[in-house]
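Novice: Pasting a structure below so you can have a look.
None of the figures in this text is laboratory data; all of them are computed from the coordinates on show. Note that the coordinates shown come from a computational prediction; the quantities given were computed from them, not determined experimentally. In this analysis, Cβ positions are derived from the backbone assuming ideal geometry, glycine residues included, and neighbour counts consider all displayed protein chains.
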Amino acid sequence: MQHFAIIGATASGKSDLAIKLAQKIDAYILSIDSLSIYKEIDIVSAKPSKEELALVKHFGIDTLYPNAYFSVEVFIKLYQEVVLTCKQEKKNLIIVGGTSFYLKALLDGLSTLPTITKEQEQKVRYALDNNLNKSYKKLLSLDPLYMQKIAPTDRYRIEKALLIYEASQQTPSQWFQHNQPQPIITNLPIYNIDVSRDILRERISQRTQKMYAMGVIDEVAYLEQKYTRLPNAMGAIGILEVLQYLDAKVTKDEMLQNITTHTAQLAKRQQTFNRTQFTSITSAPLEKLEDVILQIENK
């Protein structure tokens, strides 16, 4: 099975390129986008249209509802299922998206967890239900270095840390020190869309205007009514700024400007991450990258 990844800043043209290439090399597409994974978040996420999704089979898009939990562990499991499907159906695979952290996790791997019994699960769940803050303080005193990265209200990560301690009688730091992560994937070609900040800023501005024309305000109002503001997805760029507008804190023009500015700042962070976190990537401008990829992958 032939497979590779296409990365780049938001609005750089990754999705269109991936679809064109997938049609040429008979591939499926796995999205690594932290918003496109959710159903009903369509305009804000700028996910491919239904027509585009019909051209090539996609995974990692419209998979979960916005109030469902999503993490890098969930993504790795999804990746492993997709690889199995591609092998069974004799398809190639293109991984594409702006959340390169998930790609980095595939290359670096995750540490395994100790075997956890039902009794230990019940004990930890009871402790958290009874007093989440008490459990957090217990872990903080046992392993301050590990717990300083976890918020006192982050039940999922507190539960994970407490389960590790109960099952292994080691602090999370001790456990992970003795159980180093193993890569999920090796020798994955990575292609990066090289685009100037000025061009990217203009593309982001145009996309913001398109989102407004498509009805992003109605979409966010619907999402808030159905899911409240509590899910993590509701704090995403595009949603947060529209909620400020709905709260009458900003004007429509200020809302659009804020979305553009915050998306451009995200794009800058993505470019920095891609440049510093991957040791071997092939970069080229969007208009040249398709030929570059086909030339390398067809060798």
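Novice: Loop-only GluC sites (Glu not before Pro) in segment 83-180, please: DSSP not H, G, I, E or B, and at most 15 other Cβ atoms within 10 Å.
Specialist: Hits after loop and neighbour filter: 89.
Novice: Here is a follow-up. If you average the alpha carbon positions of segment 190-216 and of segment 84-133, how far apart do those two centres end up, in angstrom?
Specialist: 31 Å
Novice: In addition: Tally the DSSP beta bridges in the chain and give the antiparallel ones as a percent, rounded to 5.
Specialist: 5 percent
Novice: Now a separate question. Which of 65, 245 has the fewest other C-beta atoms within 10 Å, and how do the rest follow up to the most?
Specialist: 65, 245
Novice: Also, quick follow-up: So, with +1 on the Cβ of K and R and -1 on the Cβ of D and E, and no other charges, what is the size of the charge dipole of segment 118-178 about its Cα centre, to the nearest 20 debye? If you can, show how the numbers build up before the last one.
Specialist: Details: 10 positive and 7 negative charges, 26 e Å.
Value, rounded to 20: 120 debye.
Novice: For segment 20-106, state which chymotrypsin sites (Phe, Trp or Tyr not before Pro) are in a DSSP loop and have at most 11 other beta carbons lying within 10 Å of their beta carbon.
Specialist: Counting only loop positions with at most 11 other Cβ atoms within 10 Å, the chymotrypsin sites (Phe, Trp or Tyr not before Pro) in segment 20-106 are 69.
Novice: Let me ask something additional. For the chain, what number results from the quotient of the Cα radius of gyration and 2.2 N^0.38 Å?
Specialist: Normalised Cα radius of gyration, the chain: 1.10.
Novice: Most exposed first by the Cβ proxy, i.e. fewest other Cβ within 10 Å, how do 200, 246 rank?
Specialist: 246, 200
Novice: I've got another one for you. Just want to confirm a number: the relative contact order over segment 1-127, from Cα pairs under 8 angstrom separated by 6+ residues, in percent.
Specialist: Relative contact order of segment 1-127: 38 percent.
Novice: Among 64, 10, 189, which residue has its Cα positioned farthest towards the positive end of the charge dipole of the chain, with +1 placed on the Cβ of Lys and Arg, -1 on the Cβ of Asp and Glu, and the dipole taken about the Cα centre?
Specialist: 189
Novice: Using the crude model of +1 on Lys and Arg Cβ and -1 on Asp and Glu Cβ, and no other charge, please compute the dipole size for the chain relative to its Cα centre, in debye to 20.
Specialist: 520 debye
Novice: Then there's this: To the nearest 10 degrees, how steep is helix 252-277 against the longest Cα principal axis of the chain, on a 0 to 90 scale?
Specialist: Tilt of helix 252-277: around 80 degrees.
Novice: So for 111, 280, 49, 100, fewest C-beta neighbours within 10 Å to most, what's the order? Intermediate values should be presented prior to the final figure.
Specialist: Numbers: 111 14, 280 8, 49 11, 100 21.
Lowest count first: 280, 49, 111, 100.
Novice: Moving to a separate point now. Tell me, in nm to one decimal, what length is gained between residue 229 and residue 88 on full extension, where the rule is 0.36 nm per residue of separation less the Cα-Cα distance?
Specialist: Here the answer is 46.7 nm.
Novice: Could you work out the mean projected area of the convex hull around the alpha carbons of segment 118-178, in square nanometres to one decimal?
Specialist: 3.8 nm²
Novice: Identify, among 43, 115, 79, the residue whose Cα sits farthest towards the positive end of the charge dipole of segment 33-141, taking +1 on the Cβ of Lys and Arg and -1 on the Cβ of Asp and Glu, with the dipole about the Cα centre.
Specialist: Toward the positive end, the furthest listed residue is 115.
Novice: Which residue, 265, 120, 277, has the most motion in a Gaussian network model of the chain that connects Cα atoms within less than 10 Å?
Specialist: 120
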